[in-house]
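Below is one structure, written out as structure tokens, with a few remarks after it.
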Amino acid sequence: KVEASDIEQLKQLGDVLRGKIGRGVGLLASISENKINFVCIVTDDLVKEKGLDAGKIVREVAKITGGGGGGKPNMATAGGKDISKLDEVLKIFPKIIKELTQ
């Protein structure tokens, strides 16, 4: 969970995260105007090697919160309506990634 005033700021934070993690998948979430904004990032090596797609990942995450989204394989955004589900999403995010890599 991060503080971001809008989706553009959240995307900027996603770029920073992707640069810092080196290799991996990340999910950032912020609540604004009683909705959840998500940004999912996937490092380029995992897009190529594992076929991971941030758009598919963020869609799965957003479904849980009653929303949707999409984007590029290395960065995607989504919105969710049910903010009460945010902690659940963050808890099961690793499981979602594990399922998509099998």
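The values are calculated or read from the model by the stated rules, or taken from the named source; none is laboratory data. Keep in mind the model is a prediction, meaning the values are calculated, not measured. Positions of Cβ are generated from backbone atoms using ideal geometry, with glycine treated the same way; all protein chains shown enter the neighbour counts. Each accessible area value is taken on the protein alone, full model and side chains, heavy atoms only, with ligands, DNA and RNA left out. Shrake-Rupley method; radii C 1.70, N 1.55, O 1.52, S 1.80 Å.
Could you tell me which residue of the range 1-15 is most open to solvent (accessible area, probe 1.4 Å), considering only residues that are outside any helix (DSSP H, G or I) and not hydroxyl-bearing (S, T, Y)? Only one residue tops the list, namely E3. Taking R18 as the residue in question, decide whether it is in a loop (DSSP other than H, G, I, E, B), farther than 12 Å from A78 by Cβ, touching a residue at least 12 places away in the same chain (Cβ under 8 Å) and open to solvent by 20 Å² or more (accessible area, probe 1.4 Å). Taking the combined requirement at face value, the residue does not satisfy it. Within the range 88-102, being farther than 17 Å from V2 by Cα and not in a loop (DSSP other than H, G, I, E, B) holds for I92, P94, K95, I96, I97, K98, E99, L100. Among the residues in the range 40-49, are any of a type in the set (S, T, Y), surrounded by 15 or more Cβ atoms within 10 Å (Cβ to Cβ), touching a strand residue (DSSP E or B) at 6+ places or on another chain (Cβ under 9 Å) and not in a loop (DSSP other than H, G, I, E, B)? No; the residues of the range 40-49 include none that is of a type in the set (S, T, Y), surrounded by 15 or more Cβ atoms within 10 Å (Cβ to Cβ), touching a strand residue (DSSP E or B) at 6+ places or on another chain (Cβ under 9 Å) and not in a loop (DSSP other than H, G, I, E, B).
Checking the range 65-87 against the condition returns a match, with at least one residue being exposed (fewer than 14 other Cβ atoms within 10 Å of the Cβ), free of Cβ contacts under 8 Å to residues at least 40 places away in the same chain and assigned to a helix (DSSP H, G or I). From the list G51, G66, G19, the lone residue that is modelled with pLDDT under 95 and on the phi > 0 side of the Ramachandran plot is G51.
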